[in-house]
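Heads up, the thing below is written out as structure tokens.
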Amino acid sequence: MDVEDVMRNNLPFGMRANRHDHGAGQRSKQASRWRWAGLACLSALNIAGAQAAGKVKVVDMGELAVGLGSDASAINNAGRTVGRAISAVDFQYRQVVWDGLAISEFSHCCAGFLPDIQSINLAGDVVGHYKATKVHWVPVRWDAQGTSYALPALGPFGFGKAWAVNDAGQIAGSSVDANDDIHAVVWQPDGSLVDLGFLGEPAPEFKRFSEARGINASGVVVGQALVGNQYQAFSWRNGTFTDLGPGAATHINNNGLMAGYLPGFIPVSWTNGVKKKLPALGGGKTAYGHQVNGINNAGDLVGFAPAPSPGVFTIAVLWRGGKVIQLGHYPGGTNSYATGINDQGQIVGAGNLVAGGPHHALRWTVKGKAITVSAP
């Protein structure tokens, strides 16, 4: 088992590596080598230096059944949070929503298959996908009342993924056609499907691949495509692709700030097309082993960093104002990761409460000049 496999097994399902796309095996091997290098580099750094950027409070958001676990995927500007929790009825993951800290289950769309909740907008529309086969997913939208709808697809089997929804109800994702090519798509609020096409053509031995990962209020889309033998980040606006270079663009805010990663899963941002590496926890200029999972309209980014301490694997972080802030674990916990942030600066994710315990959905708030981590 390589480092990428370990990371995948320690993260919530929504953060695990995407095995739907073509050529994932080759990319997995490359990512593994970079993750080993990243962990080695980070272990030589003093991460305490990043702990002077703000005061942090972390809250346990609870679960459906005691001891079974939960994880939060996204939070909207009304403070509503969505994610998953294991049910005591059948010990399967269920889609859940938190209003404040009150947890409730909504439509169990997926007949026992693993749901992967990704995004929620201000109106409460939620998007994601569920695993239909070993390698294929079906895109789903839930309305604010929790009723689920399968999104239309290009191909006959309905396969695809839904990654992000904006406040207008436009959904960015991908759809698999009858030839097993994967297209970047946008679902409109009326349910119609717009095929964005492809950034370029792959090498002859690969299927065509393009996937939309984020969309902002202006309808600008970001994503990833296979061109030749290389995965390229892209943006798309009004029918035109822009190649952002090797890697993937996974998030965009309403001001046009984009975030994603370079080959080797090195996190970066793009401002007006200019690419910049995000700083590492501990002061490094290249954030090996880090990952961006969320963005807000203030330009904050959240995700995780690898933690080199014994018994600790990942630690939630916030990038704000060009600096990286360690959000920390729940007191007594040893693992954490952040998955979403709203414009009020509320951050959600998951982590264990005690070493070896199940993950619980967590919520962080950050303010002040001196960082501390405390229970409610």
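Quick notes on this one:
- Neighbour counts of other Cβ atoms within 10 Å put Arg208, Arg237 in the fewest-to-most order Arg237, Arg208.
- Fewest-first sequence of Val302, Val176, Val97 by Cβ atoms within 10 Å of each Cβ: Val97, Val176, Val302
- By the count of neighbouring beta-carbon atoms within 10 Å, fewest first, Lys367, Lys57, Lys134 end up ordered Lys134, Lys367, Lys57.
- The HN-Hα couplings worked out from phi for the range 64-71 by the Karplus form 6.51 cos²θ - 1.76 cosθ + 1.60 (θ = phi - 60°) are 6, 9, 4, x, 9, x, 7, 8 Hz, whole numbers, x standing for Gly and Pro.
- Residue-count net charge about Gly169 - beta-carbon cut-off 11 Å; Lys, Arg +1, Asp, Glu -1: -3
- Between the amide H of Leu196 and those of Ala184, Val185, Val186, distances stay under 5 Å, these residues lying 5 or more places away or on another chain, with hydrogens modeled in the peptide plane.
Every read-out reported here was derived from the displayed coordinates using simple, explicitly stated rules and does not represent laboratory data. Note that the structure is predicted; figures quoted are calculated from it, not measured. Reconstructed Cβ throughout: ideal geometry from the backbone, glycine too, with neighbour counts over all protein chains shown.
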